[in-house]
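Taking it in order: structure first as structure tokens, then the write-up.
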Amino acid sequence: MKKRILIVNNHLRTGGAENSLISLLNQMDYSKYEVDLYIYQNTGSYIERLPNEVNLIDGKVDKEYFLPFTEAIVRLALKGNFKSLIYKLYSNFQTKILKNNFDQVNSKIMLKLQKHNFKKKYDVCIAYKHIFSNIIVQKVNADKKIAYVHSDYISMNLNPKYDSPFINEIDTIATVSEGCLNTLIKVFPELESKTVLAPNIISPSLIRKMSMEPIETYNNYEGLKLLTVARLDVIKGIDLAIKASLKLKENNISFKWFIIGGGPQEKFKAMVDSHGLSKVFIFLGEKKNPYPYIKNADIYIQPSRTEGKSIAIEEAKVLNKPIVVTDYPTVNDQINAGFNGVVVPIDSNGIYNGILRLIEDPVFRKKLSSNLFTEELGNEKDINIFYNII
């Protein structure tokens, strides 16, 4: 008899956790497992990459709730959905005024707004982001409950008081890197005995195959192509990237910096426009297949203020791209500075100088790519770690 598994996540838009989830689902043996995937928002370019065997469950949270604040308030009011409107106001107050963590605040709100009745009994239930431990603890009947931590708990400024009532009820906590594991145990030492390392699944053969798909607009530009794949968020350092691109422009360097990722563009686009960068700093939006863009880039840049274990960096490594990455706490889990990438301070000057070094030293740039070519990348076999956990 197949083991019944429920996985809970917020959406399937482009993002590191979502990418790793799709990779995991595409590696699973469906002769042994029956999988339901529950998401709050039935949106995202990765929906098309779901295996046919996965049963997708829509939490049916009103889509207007997820719009930018002012637009959401207007549309929810016109629609007469005052419950969602009040929670949108509450979220804004908690995150903008009281400065509480956005994801933690909204994980509690989603619990109130979702409309699915969890009637099925499961063998295993997984909160693919640990912030959704609340829903699997309070709503789901399962023999075993697992939560994944994809980020550096301390660097993300998460509040343990939000998580502890739920995460203490979880049977196993999986985290994706040694750095994430260490900081998690530092915050929750009582959870050490049930915390395990479970790296994100990366398939080099699939990445290389998908990177061969043709793309048009991006390839029409023949100059220096810089690329970042990230959610449009301050945490991901998009503002730092914009400031670094201004320095490149001021120093008469010919380039275009492309950004792939979803999220609110408005404030970043306004920043780009105010600096006169609209022709060189280009938002491409979400791409269900970012690999041809990575393959055809000259330099890959990850300007993040913090990461757990960046999927995008692993993908850039598979495609042998010279990488510039900021010195966030877990960076050494992925990058050996000077061997397979350039690690720079977390500021626009550092990012600019890292890019400039690769532009001015093509021999070093080629050396980074060559070193990546010799690295043993990919970990499809780590699906067995997942099987052991469940």
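The values are calculated or read from the model by the stated rules, or taken from the named source; none is laboratory data. Bear in mind that the values here come from a model prediction, so they are computed numbers and not experimental data. Using ideal geometry, Cβ is built from the backbone for each residue, glycine included, and neighbour counts are taken over all protein chains shown. Quick note on the areas: whole protein, heavy atoms, side chains included, nothing else; ligands and nucleic acids left out. Shrake-Rupley method; radii C 1.70, N 1.55, O 1.52, S 1.80 Å.
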Q: Looking at (1) open to solvent by 20 Å² or more (accessible area, probe 1.4 Å); (2) under 16 Å from residue 225 (Cα atoms); (3) under 20 Å from the mean Cα position of the chain (by Cα), find the lone condition where residue 254 falls short.
A: (3)
Q: Find all pairs meeting these conditions: Cβ atoms under 7 angstrom apart; at least six residues apart or on different chains; first residue within region 91-103 and without any contact (Cβ under 8 Å) to a residue 12 or more places away in the chain and closer than 17 Å to residue 73 by Cα; second residue open to solvent by 60 Å² or more (accessible area, probe 1.4 Å) and aromatic (Phe, Trp, Tyr).
A: 95/102
Q.
Filter region 371-390 down to the residues that are touching a residue at least 24 places away in the same chain (Cβ under 8 Å) and more than 28 Å from residue 147 (Cα to Cα) and list them by number.
A. 371, 372, 373, 375
Q. Is there a residue in region 289-305 that is of a type in the set (D, E, K, R), in contact (Cβ under 8 Å) with a residue 60 or more places away in the chain, part of a helix (DSSP H, G or I) and within 17 Å of residue 207 (Cα to Cα)?
A. yes
Q: Hey, could you check region 146-174 for residues that are within 19 Å of the chain's Cα centre (by Cα), modelled with pLDDT under 95 and not aliphatic (A, V, I, L, M) and say which is nearest to residue 104 (Cα to Cα)?
A: 157
Q. Of all residues in region 227-250, which are among the aliphatic types (A, V, I, L, M) and part of a helix (DSSP H, G or I)?
A. 234, 235, 238, 240, 241, 242, 244, 246, 248
Q.
Return the residues of region 140-161 that are free of Cβ contacts under 8 Å to residues at least 40 places away in the same chain, charged (D, E, K, R) and surrounded by fewer than 19 Cβ atoms within 10 Å (Cβ to Cβ); say none if nothing qualifies.
A. 143, 161
Q: Go through (1) within 24 Å of residue 25 (Cα to Cα); (2) open to solvent by 10 Å² or more (accessible area, probe 1.4 Å); (3) in contact with a Phe, Trp or Tyr (Cβ under 7 Å, 6 or more places away or on another chain); (4) of a type in the set (A, V, I, L, M, F, W, C) and name the single condition residue 187 misses.
A: (1)
Q: Scan region 360-390 for residues that are open to solvent by 50 Å² or more (accessible area, probe 1.4 Å) and over 30 Å from residue 24 (Cβ atoms) and jot them down.
A: 360, 361, 362, 363, 365, 366, 367, 370
**Q.** Leading residue by the ranking (most open to solvent (accessible area, probe 1.4 Å)) among those in region 330-358 that are among the small types (Gly, Ala, Ser) and in contact with a strand residue (DSSP E or B) (Cβ under 8 Å, 6 or more places away or on another chain)
**A.** 337
(Q) Are there helices (runs of 4 or more DSSP H) fully within region 47-118 with at least 2 residues that are over 25 Å from residue 130 (Cβ atoms) and open to solvent by 40 Å² or more (accessible area, probe 1.4 Å)? List them. (A) 69-79, 82-92
Q: Just give me the residues in region 284-329 being surrounded by fewer than 18 Cβ atoms within 10 Å (Cβ to Cβ) and either of a type in the set (Phe, Trp, Tyr) or closer than 19 Å to residue 199 by Cβ (or both), in sequence order.
A: 329
Q: Within region 119-130, count every residue that is open to solvent by less than 20 Å² (accessible area, probe 1.4 Å) and either among the β-branched types (Val, Ile, Thr) or assigned to a loop (DSSP other than H, G, I, E, B) (or both).
A: 3
